Amino acid sequence: MIELPDLVTGGLTAGTLSALALAGGLLRARRNQARQRAEIAALRTRLDGSLKAFTAEVEHLATRRVPAAARRVAHPHVADPGPLQPLTAGTPLGIALENVVLALQAETAAQRTSVDAAAQAGMRGAVREIQAALYRLQDALRGLQQRYDEPELAQTLFRLDHENEQSLRRAQVTAVVCGAWVGLAREESHLVDAVTGGQARLAGYHRVQVHNHLEPGTALVSHAVEPVAIIVAELLDNALRHSAPDTDVVVGLQHVHHGVCVTVDDAGLGMTRDERERAQRLVAGDEPILLTELGDPPRMGLAAIGRLTRQFDLGVDVSSASPYGGVRAVLRVDTHLLSHLDPAERPPAASAPRTTRTARKALPDPPGRSHAYGAETGVPEREPAPGHHEPQDVDDGLPQRRRRTRSAAPTPAPTPERTSDRAPGRRPARSPEEAAAALGALQSGTAAARAAARDTPADHTDDTDHTDHTDHTDDEGGAAR
């Protein structure tokens with residue numbers, strides 16, 4: 001049997017232990033509560049910081065990144081500011097913000113292209129009406145040129161026609177940039193005629209020197225004639241505008257492995273690397289052309305070249321410098337755009353520069369030929385007819401003087417004919433200068449022969465007549481000198 005003090009002691013002990021356990025539980029609860037309060041405060045602080053950072057990031061997106069993204073559509077060189085907090089890159093928030101920027105750029109580019117296409121369509125319709133009016137004015141001016149023969153009036157009409165031709169070229173270039181067709185359909189033509197036709201559309205055409213090294217009869221297919229003329233005109237216009245007015249622009253026509261090249265060299269200031277790269281992108285025609293990218297006022301020459309090179313499979317390069325310190329522009333016409341015309345049946349225009357290829361083929365160097373100035377082998381020396389200046393021979397474009405001798409009695413002078421014209425494969429058509437020289441020599445020779453025939457009997461019967469004839473011959477010889 002347990003005594004009462006033991007029971008009381010046990011109860012007190014149990015109560016004490018319970019109180020201690022309860023106190024420990026309360027203490028742990030308070031500690032947990034304090035820790036939770038600290039964690040809640042930390043989370044609240046982090047949330048407030050994240051909210052402020054997100055707000056700042058959105059403000060940075062609206063004030064910096066979105067305008068920069070819109071500008072980059074038109075100007076790719078504009079730098080992208082990037083996110084305000086670099087730590088957000090790669091996070092869901094950073095990815096979402098980047099998608100916003102990309103979507104904005106795509107929509108801006110689409111709207112810009114749509115607006116520019118509408119502007120091009122409107123301009124294309126307006127330019128078509130202007131072209132029609134200019135063509136009517138051109139027909140009227142040419143009708144007046146044919147009707148009136150007064151020199152001053154004809155000169156004035158010529159200047160007006162040339163000004164109208166320049167306006168027509170600008171309207172045609174604008175139409176081409178806006179997506180219109182070239183506007184003219186021509187038959188097959190000599191390539192040199194297309195080049196000189198483009199040259200004739202410019203104000204400074206007299207500063208252009210064309211050196212033709214093509215095979216006679218080198219021509220363009222019908223659908224490539226007008227595009228080549230437009231491209232040459234724009235390349236020459238750029239060369240003339242960006243070079244001093246007292247310098248010349250040199251054009252060379254020559255065959256290459258894949259066709260024909262037209263090289264334009266100017267003596268201007270040239271271009272910087274950025275300008276050259278931009279010009280090359282325009283003439284390549286690989287990128288869409290927008291009017292807003294052509295400046296104010298818009299410079300449409302290179303853009304028109306880009307349109308034509310893409311449409312007609314031509315090639316233009318403006319990435320190199322010319323030997324004169326300016327820019328070298330090269331137009332390449334591939335073989336599938338070339339044709340051949342018989343120069344005897346359809347010769348080039350009289351104003352077109354004659355090719356040098358025939359002269360090189362028709363004058364081979366014989367063994368032992370002397371290259372001294374004024375010496376010619378294989379060609380007998382002829383005495384010029386009295387009173388006639390014999391034209392200088394041309395060998396590869398260089399004038400050659402011919403040694404002359406005088407004789408007592410004049411002899412009929414044969415028609416002057418160049419050695420290159422007597423060689424096989426010569427060009428049958430003659431220039432106006434050659435025809436005039438041949439006719440003058442024939443007339444002078446005929447007159448000299450008749451004079452010799454009339455004076456021959458007098459030489460045996462009358463000394464006075466013989467003296468008069470000798471004096472007359474000396475006077476004509478002196479006039480010839």
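When both residues are 6+ apart or on different chains and their Cβ atoms are under 8 Å apart, which pairs have a first residue that lies in the stretch 72-100 and is within 13 Å of LEU61 (Cα to Cα), and a second that is among the polar types (S, T, N, Q)?
Listed by first residue and then by second, the contacts come to GLY94/THR88; LEU97/THR88.
Which residue out of ALA29, ALA42, ALA96, ALA69 is closer than 30 Å to GLU293 by Cα, of a type in the set (Gly, Ala, Ser), assigned to a helix (DSSP H, G or I) and at pLDDT 80 or above? Full working, then the answer.
Numbers: ALA29 fails: closer than 30 Å to GLU293 by Cα; ALA42 fails: closer than 30 Å to GLU293 by Cα; ALA96 fails: closer than 30 Å to GLU293 by Cα.
Just one listed residue meets the conditions, ALA69.
Would you mention how many residues in the stretch 72-93 are assigned to a helix (DSSP H, G or I) and out of contact with any Asp or Glu (no Cβ under 8 Å at 6 or more places or on another chain)?
Residues meeting the conditions: 4.
Being among the aliphatic types (A, V, I, L, M) and either in a loop (DSSP other than H, G, I, E, B) or surrounded by 21 or more Cβ atoms within 10 Å (Cβ to Cβ) (or both) narrows it down to one of LEU235, LEU157, so name that one. Spell out the reasoning first.
Values: LEU157 fails: either in a loop (DSSP other than H, G, I, E, B) or surrounded by 21 or more Cβ atoms within 10 Å (Cβ to Cβ) (or both).
None of the others qualify; the one that does is LEU235.
Enumerate the pairs (first residue in the stretch 14-26 and at positive phi and without any contact (Cβ under 8 Å) to a residue 40 or more places away in the chain; second residue anywhere and of a type outside the set (A, V, I, L, M) and assigned to a helix (DSSP H, G or I)) with beta-carbon separation below 6 Å, excluding pairs fewer than 6 apart on the same chain, so at least 6 apart or on different chains.
none
Please verify whether VAL225 is outside any helix (DSSP H, G or I), touching a strand residue (DSSP E or B) at 6+ places or on another chain (Cβ under 6 Å) and open to solvent by less than 40 Å² (accessible area, probe 1.4 Å), treating the condition exactly as stated. So that I can check it myself, show each step before the final result.
On the way: outside any helix (DSSP H, G or I): no; touching a strand residue (DSSP E or B) at 6+ places or on another chain (Cβ under 6 Å): yes; open to solvent by less than 40 Å² (accessible area, probe 1.4 Å): yes.
So VAL225 fails the test.
Residue-wise test of (1) of a type in the set (A, V, I, L, M); (2) crowded, with 19+ Cβ neighbours inside 10 Å; (3) out of contact with any Leu (no Cβ under 8 Å at 6 or more places or on another chain).
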| residue | (1), (2), (3) |
| --- | --- |
| ALA200 | yes, no, yes |
| GLY204 | no, no, no |
| ASN212 | no, yes, no |
| ALA244 | yes, no, yes |
| ASP248 | no, no, yes |
| GLY270 | no, no, yes |
| ARG273 | no, no, yes |
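Out of the residues in the stretch 242-277 that are under 29 Å from LEU220 (Cβ atoms) and either without any contact (Cβ under 8 Å) to a residue 12 or more places away in the chain or in a helix (DSSP H, G or I) (or both), which is nearest to the chain's Cα centre (by Cα)?
ARG276
Being surrounded by fewer than 20 Cβ atoms within 10 Å (Cβ to Cβ), polar (S, T, N, Q) and assigned to a helix (DSSP H, G or I) is the filter here, so list the residues in the stretch 286-337 that pass it.
THR292, GLN311, THR335
Within the stretch 63-92, track down each residue that is hydrophobic (A, V, I, L, M, F, W, C) and open to solvent by 60 Å² or more (accessible area, probe 1.4 Å).
Those that are hydrophobic (A, V, I, L, M, F, W, C) and open to solvent by 60 Å² or more (accessible area, probe 1.4 Å): ALA79, LEU84, LEU87, ALA89.
Which residue out of ARG357, ARG332 is more than 25 Å from the chain's Cα centre (by Cα) and touching a residue at least 40 places away in the same chain (Cβ under 8 Å)?
Exactly one of ARG357, ARG332 is more than 25 Å from the chain's Cα centre (by Cα) and touching a residue at least 40 places away in the same chain (Cβ under 8 Å), namely ARG357.
So, in the stretch 104-154, exactly how many residues are surrounded by 14 or more Cβ atoms within 10 Å (Cβ to Cβ), acidic (Asp, Glu) and more than 22 Å from VAL182 (Cβ to Cβ)?
0
The values are calculated or read from the model by the stated rules, or taken from the named source; none is laboratory data. Values in this document were obtained by computation on a predicted structure and should not be read as measured data. Please note: Cβ atoms are built from the backbone with ideal geometry, for glycine as well, and neighbour counts cover all protein chains shown. Protein only, heavy atoms only, side chains kept; ligands, DNA and RNA dropped before computing areas. Shrake-Rupley method; radii C 1.70, N 1.55, O 1.52, S 1.80 Å.
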